[in-house]
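Notes to accompany the following structure.
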Amino acid sequence: METFPVRSVLVTGSDRGIGLGLVTRFLEKKDPPEWIFATSLDLEGFHGKELRRLALSHPNLVVLQLDIRDLKSIEAAVQKVEEHVKGNGLTLLINNAGILVKFTFLARETAENMARLYHTNTIGTLQVSQVFLPLLKTAALRSPKEGLSCSKAAVVNISSDFGSIEKMAGWHLSQVVAYRCSKTAANMITRCQSLEYKQFGVLCLSIHPGWVKTSMGTLLVPTTVKDSTTGIIKVLSAVTERDSGSFLDWEGNTVPW
């Protein structure tokens, strides 16, 4: 994997699927981060235990419990990260955690689904970024790099082309209105972050990981987790200040808003 220096990275929702794939890709790097923080909602569950086992063979991998819907949980995670990074801050925050209620249709979409998905996929993304911002600002201040980059300080929000209003991907296969709306709103957060966080030296980006073989998505698609996450890392290694506030896919293509 090509050189992509990242001193520290935190990936939310990293006990399976794309999140676990991203953690694995960072561990595989020739120049792996000094610290990789992998979070799980349930460390005692099957997937959480698998993540903890992985950490036993990687001293730079720190596994944290995190509920992105709970502000106190986020604040506790920040404290744990601070204990490891000391005064160096957090270089890269990847907001990957999210949920999907499958097989829902516009005619039967519910207020309960809308609120639940918005709370996790949109508000969760906002809260995590807000609480970790001081650590991102510290990383940017301590970095000798000019401009904006994921090697300096960045927030990457894992999105979906289902949130593209122009594209309306997969409508005839899966309407999932609540999920689409939550991701569209999360994309607006990315745009807002890119405008507000630029002054702090923090790059902000939305990434569509592709239609990937995961339990959250479907196994009936061609893109593997390894292909998607390898592509995402390559994109993150190449983005610059001009890309901040963009919506890109795992191959570096622009996704329409």
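The values are calculated or read from the model by the stated rules, or taken from the named source; none is laboratory data. Values in this document were obtained by computation on a predicted structure and should not be read as measured data. FYI the Cβ positions are ideal-geometry reconstructions off the backbone, even for glycines, and counts take in every protein chain you see. Only protein heavy atoms, including side chains, enter the accessible area calculation; ligands, DNA and RNA are left aside. Shrake-Rupley method; radii C 1.70, N 1.55, O 1.52, S 1.80 Å.
Accessible area per residue, 1.4 Å probe, Å², for the stretch 88-130: what's the number? Intermediate results must be reported in sequence, preceding the final value.
On the way: 2060 Å² over 43 residues.
Solvent-accessible surface per residue comes out at 48 Å².
When peptides 188-195, 95-102 are sorted by average Cβ neighbour count within 10 Å, with the highest value leading, the order is 95-102, 188-195.
So what is the accessible area of the stretch 157-205 per residue, in Å², with the probe set to 1.4 Å?
On the way: 2140 Å² over 49 residues.
Dividing the accessible area of the stretch 157-205 by its residue count gives 44 Å².
Here the Gaussian network model covers the chain, with springs between Cα atoms less than 10 Å apart; of HIS47, HIS58, HIS119, HIS58 fluctuates the most. What nm value, rounded to one decimal, do you get for the distance between VAL101 and LYS145 when each label is placed 7 Å out toward the C-beta? Taking the two extended label points, one gets 3.9 nm.
Quick one: Kirkwood hydrodynamic radius for the chain, alpha-carbon pairs, angstrom, one decimal?
Working: mean 1/r = 0.0553 Å⁻¹.
Radius from the Kirkwood sum: 18.1 Å.
Using modelled amide H (1.01 Å from N, peptide plane; none on Pro or chain starts), what sits under 5 Å from the amide H of PHE37, excluding residues fewer than 5 places away? Residues meeting the amide H criterion: VAL9, LEU10, VAL11, VAL62. Here the stretch 117-173 exposes an accessible surface that is 57 percent carbon and sulfur, computed with a 1.4 Å probe and the other protein chains kept in place.
Evaluated at 25 °C with a viscosity of 0.890 mPa s, what Stokes-Einstein diffusion coefficient in µm²/s does the stretch 81-202 have when Rh comes from the Kirkwood expression over alpha-carbon pairs? Reported coefficient: 157 µm²/s. To put it simply, the accessible area of the stretch 1-90 at a 1.4 Å probe is 53 percent carbon and sulfur. Relative to the longest principal axis of the Cα atoms of the chain, helix 71-85 runs at roughly 30 degrees. Between 0 and 90 degrees, the angle of helix 46-56 with respect to the longest Cα principal axis of the chain falls at about 20 degrees. Under 5 Å from the amide H of LEU66 lie the amide H atoms of SER40, LEU41, each residue being 5 or more positions distant or on a separate chain, with H modelled from the backbone and absent for Pro and chain starts. The angle separating the long axis of helix 17-28 from the principal Cα axis of greatest extent in the chain is about 20 degrees.
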